[in-house]
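To start, the structure itself, in structure tokens.
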There are 6 protein chains.
Amino acid sequence: MLKEAKARIGRNAILLAMFDGEEELEITRHLDYLSWRYCKGKVGSMELQKIVAAIETAAKRNHVVDGELYREMHALYHAVVEAVQGVTRGQVELGDLMRTVGLRFAVVRGTPYENAAEGEWIAVALYGTIGAPIRGLEHETVGLGINHI
Amino acid sequence: MLKEAKARIGRNAILLAMFDGEEELEITRHLDYLSWRYCKGKVGSMELQKIVAAIETAAKRNHVVDGELYREMHALYHAVVEAVQGVTRGQVELGDLMRTVGLRFAVVRGTPYENAAEGEWIAVALYGTIGAPIRGLEHETVGLGINHI
Amino acid sequence: MLKEAKARIGRNAILLAMFDGEEELEITRHLDYLSWRYCKGKVGSMELQKIVAAIETAAKRNHVVDGELYREMHALYHAVVEAVQGVTRGQVELGDLMRTVGLRFAVVRGTPYENAAEGEWIAVALYGTIGAPIRGLEHETVGLGINHI
Amino acid sequence: MLKEAKARIGRNAILLAMFDGEEELEITRHLDYLSWRYCKGKVGSMELQKIVAAIETAAKRNHVVDGELYREMHALYHAVVEAVQGVTRGQVELGDLMRTVGLRFAVVRGTPYENAAEGEWIAVALYGTIGAPIRGLEHETVGLGINHI
Amino acid sequence: MLKEAKARIGRNAILLAMFDGEEELEITRHLDYLSWRYCKGKVGSMELQKIVAAIETAAKRNHVVDGELYREMHALYHAVVEAVQGVTRGQVELGDLMRTVGLRFAVVRGTPYENAAEGEWIAVALYGTIGAPIRGLEHETVGLGINHI
Amino acid sequence: MLKEAKARIGRNAILLAMFDGEEELEITRHLDYLSWRYCKGKVGSMELQKIVAAIETAAKRNHVVDGELYREMHALYHAVVEAVQGVTRGQVELGDLMRTVGLRFAVVRGTPYENAAEGEWIAVALYGTIGAPIRGLEHETVGLGINHI
């Protein structure tokens, strides 16, 4: 069974990606209290592979995952691809379809289930804008991927 | 250009779908202040068509869209399908792939751009769980669709 | 090399599916002149499988394909699925996504290449409306699939 | 309710993309009579983004859409992507899958519904060939996307 | 680094799904020697959900996975869906597209990496036929999904 | 009806792609006995188009298909794309999603049906690894495409 709202990994990841300033601090303080690992960053690009690389690099550098262990990178990778599907909604493509994104991302690793045997899970949340490669011609977009790790 | 964070339609829709109680009230108070139309509901099913129908019905009943006008229903429909893609991440199927969802949805209609000529837009946000049709075997999921209306 | 416009199999299939009355007669007369096999029909449904079945049945009954020969049914099947992708644009689903179609279909079998060794090809064209299961809440849709046979 | 055949926006867009010479003139004369806006062009590429850009540029230059208004570009963009899905049938990719297209496109903006409140809609039609990047190794392809604007 | 060919989890799963009699015995003897867990079964259906359910049930009954632990079911589920994508090639649908499958499946759980820290992985292999719901109108199909567990 | 196991085109293609040394010789001897045409090769890339090109080139050079005849190249092309879908499982992309493959491929052309009128078919099998562009961070992957030719 999933824990109650405040200990939900996806909810925390989304809010961490979306919030700034005092609201963000509230989330990070709560994640520290839970002793969950997390990181946050920004990336903008017309190339999907830069989005994937930016998230993987941030998660490795901040020790949210162990970059030497394929099983951890495999778990993270699939969570990233799932989050990207929410952002791109249908065609997992950016530049090829003449669009670009400006995203804030959050990666959270924790134990979201009551049952300790369910172990660790990882959530990747993306929040930002998607649109034409012209400033202002864009709307918001969100994605969330979750995997066991 | 999009307005600043508090007047972002996608952000408001996501928070409205995700929050309860006092936090939810803060969002609805803010939406009322903006004079934006919105509604919120819950739906759980293994059938995608019930998800689509529940959101459409709620949006019509709460006068977020005019159910007699195809252009409004067309705008809402595509926003719903895009939000569902974030929830299903890859295959837009539930029961056929032996999975079920329990979702809270929010529909928000407003004017998220500085330029008044950009007119009204609609956002559909989904937040909840997806998993096997067995209680507890599930994780969180999120989707957001945005369209001009 | 493809033959010139009037002997193009896809163009003929699209026009056959789209036209009525005198315009339709002009196409069928031309197809008879080319000694190409063809058939035409109508189907409306929220179930994709009824669309596929209606086209396959019409093509068999009108001897456009030999229903006993898997290689012919395989060629037709893939042409149908490709045409359906043009109609559904993204998610190859109807009822599951709360939408329905009213389609006219045409199947044309002929020799569209200058080089006789290129042999016979088959085209499946679909033209009609797609929309909500409420009369009038719909727009047009088109699909074309082409395969060697 | 959609107007009768001659005032259908998708049908007009398909025929405009497909026809040459006298047949084309008949369509443009009819579109002028309806006071609908339209444009037509050609584009060949292994890069999808060039297809998207060519259509967007033509539609802006010919005042079929207002390039300064995101809601118009957003409506056009989604119609283009839907049309491209009919052309690519399954994988929205060209060069990555070693294929190229030679397309004629038409964009039509008009009022296809009896009810004036349904307002303006936009149709993007594509007709041409798709195949290997070797002359002659290609077959026809069609796509149609329609959106409210 | 992956171990050499004989200790590859995907290769073993594919051969286990594909082989009968003496050849199959050779694979199962080798899997027993590796102390890897596995199971094998058959399922035929026009409904994808029966395919998914048959594999999950077999894997639980044969203790290849622990049905009480979501992280194990989640790992298995995604491996099944990936294998199904190889079988369906493009549209993850059977009956909706008027086609049916007759499949043999194998699930193998083992340690395919030299580095013990990479832990356990699970492979789901499918081999059989796909085609029209008419005996004989079918060709072979294969799918493989692999996940960390 | 498909012939018995040893004369199945997909099975032979998969084993040819997967096996080395003595096991491979057994397959090629059997294919020679059946008088079926085949070829085998290796390709590694982050670019899908190099995979497609490598298989097409090998099949042409080894006279498995006639590169001058579009109907043969069309049959091969669709078999390749279907095989690639098994390898990529969901998103037909490699480098754009920051992943790379190392594949062995086999193309087999033969008569897999009892009924001689079913004629020739072509199978493309892929077997190898997919993963991050870092040595060792990869798992196995398989794909099979079959088409009439």
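The values are calculated or read from the model by the stated rules, or taken from the named source; none is laboratory data. All values reported here derive from a predicted model rather than from experimental measurement. When we count neighbours, we look across all protein chains shown, and the Cβ atoms used for this are built from the backbone with ideal geometry, even at glycine.
So for segment B:117-139 (the condition being among the basic types (Lys, Arg) and at pLDDT 95 or above), does at least one residue qualify? Scanning segment B:117-139, I find no residue that is among the basic types (Lys, Arg) and at pLDDT 95 or above, so the answer is no. Of the listed requirements (1) surrounded by 21 or more Cβ atoms within 10 Å (Cβ to Cβ); (2) within 12 Å of chain B (Cβ to nearest Cβ); (3) of a type in the set (D, E, K, R), A:Glu93 misses just one: (2). Residue-level check: of (1) within 30 Å of B:Met46 (Cα to Cα); (2) under 11 Å from the mean Cα position of the chain (by Cα); (3) within 13 Å of chain D (Cβ to nearest Cβ), C:Ile14 misses just (1). Every condition in (1) over 15 Å from the mean Cα position of the chain (by Cα); (2) buried (at least 18 other Cβ atoms within 10 Å of the Cβ) is met by E:Asn115 except one, and the failing one is (2).
Here the condition is being part of a helix (DSSP H, G or I) and more than 7 Å from every other protein chain (Cβ to nearest Cβ); of F:Val107, F:Val87, it holds for F:Val87 alone. For the structure I just gave you, tell me whether B:Leu76 is within 12 Å of chain D (Cβ to nearest Cβ), touching a residue at least 24 places away in the same chain (Cβ under 8 Å), crowded, with 19+ Cβ neighbours inside 10 Å and not acidic (Asp, Glu). Taking the combined requirement at face value, the residue satisfies it. C:Val65 falls short on exactly one of the conditions (1) touching a helix residue (DSSP H, G or I) at 6+ places or on another chain (Cβ under 9 Å); (2) within 14 Å of chain D (Cβ to nearest Cβ), and that condition is (2). Taken together, the residues in segment A:41-60 that are touching a Leu at 6+ places or on another chain (Cβ under 9 Å), part of a helix (DSSP H, G or I) and of a type in the set (S, T, N, Q) amount to 1.
Residues that are of a type in the set (Lys, Arg) and in a helix (DSSP H, G or I) were ranked within segment A:1-17; the one that is surrounded by the most Cβ atoms within 10 Å (Cβ to Cβ) is A:Arg11.
Mind listing whichever residues of segment F:110-149 are in a loop (DSSP other than H, G, I, E, B), free of Cβ contacts under 8 Å to residues at least 12 places away in the same chain and within 8 Å of chain E (Cβ to nearest Cβ)? Result: F:Arg135, F:Gly136.
Could you grab me the full set of residues in segment E:18-40 that are over 23 Å from F:Glu4 (Cβ atoms) and part of a strand (DSSP E or B)?
E:Arg37, E:Tyr38, E:Cys39
Table: residues versus (1) under 27 Å from D:Tyr70 (Cβ atoms); (2) more than 14 Å from chain A (Cβ to nearest Cβ); (3) touching an Asp or Glu at 6+ places or on another chain (Cβ under 6 Å); (4) without any contact (Cβ under 8 Å) to a residue 12 or more places away in the chain.
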residue: B:Gly10; (1), (2), (3), (4): yes, no, yes, no
residue: B:Phe19; (1), (2), (3), (4): no, no, no, yes
residue: B:Ile27; (1), (2), (3), (4): yes, no, no, no
residue: B:Gly41; (1), (2), (3), (4): no, yes, no, no
residue: B:Lys50; (1), (2), (3), (4): no, yes, no, yes
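How about segment C:90-104: which of its residues are of a type outside the set (S, T, N, Q) and either in contact (Cβ under 8 Å) with a residue 60 or more places away in the chain or outside any helix (DSSP H, G or I) (or both)? Walk me through it before giving the result.
First, pick out the residues of segment C:90-104 that are of a type outside the set (S, T, N, Q): C:90, C:92-99, C:101-104.
Selection gives C:Gly90, C:Val92, C:Glu93, C:Leu94, C:Met98, C:Arg99, C:Val101, C:Gly102, C:Leu103, C:Arg104.
Criterion first (at pLDDT 95 or above and surrounded by fewer than 21 Cβ atoms within 10 Å (Cβ to Cβ)) does D:Thr100 satisfy it? Judged against the criteria, D:Thr100 is a match.
Selection of segment C:52-62 for residues being within 12 Å of chain E (Cβ to nearest Cβ), touching a residue at least 12 places away in the same chain (Cβ under 8 Å) and not charged (D, E, K, R) yields C:Val52, C:Ala54, C:Ile55.
This table checks each residue for (1) under 15 Å from D:Leu144 (Cβ atoms); (2) among the basic types (Lys, Arg).
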residue: D:Ile14; (1), (2): yes, no
residue: D:Met18; (1), (2): yes, no
residue: D:Arg29; (1), (2): no, yes
residue: D:Leu48; (1), (2): no, no
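Scan segment F:18-31 for residues that are surrounded by 11 or more Cβ atoms within 10 Å (Cβ to Cβ) and charged (D, E, K, R) and jot them down. Hits for segment F:18-31 are F:Glu23, F:Glu24, F:Glu26.
On the basis of being modelled with pLDDT of 95 or more and in contact with a strand residue (DSSP E or B) (Cβ under 7 Å, 6 or more places away or on another chain), does B:His78 make the cut?
Values: modelled with pLDDT of 95 or more: yes; in contact with a strand residue (DSSP E or B) (Cβ under 7 Å, 6 or more places away or on another chain): yes.
Here the answer is yes, as B:His78 does meet what is asked.
Buried (at least 24 other Cβ atoms within 10 Å of the Cβ), in contact with a strand residue (DSSP E or B) (Cβ under 6 Å, 6 or more places away or on another chain) and among the hydroxyl-bearing types (Ser, Thr, Tyr): does that describe C:Tyr127? It is true that C:Tyr127 is buried (at least 24 other Cβ atoms within 10 Å of the Cβ), in contact with a strand residue (DSSP E or B) (Cβ under 6 Å, 6 or more places away or on another chain) and among the hydroxyl-bearing types (Ser, Thr, Tyr). Report yes if some residue within segment A:86-94 is farther than 29 Å from B:Gly131 by Cα and of a type in the set (Gly, Ala, Ser); otherwise report no. Looking for residues that are farther than 29 Å from B:Gly131 by Cα and of a type in the set (Gly, Ala, Ser), one finds none in segment A:86-94, hence no.
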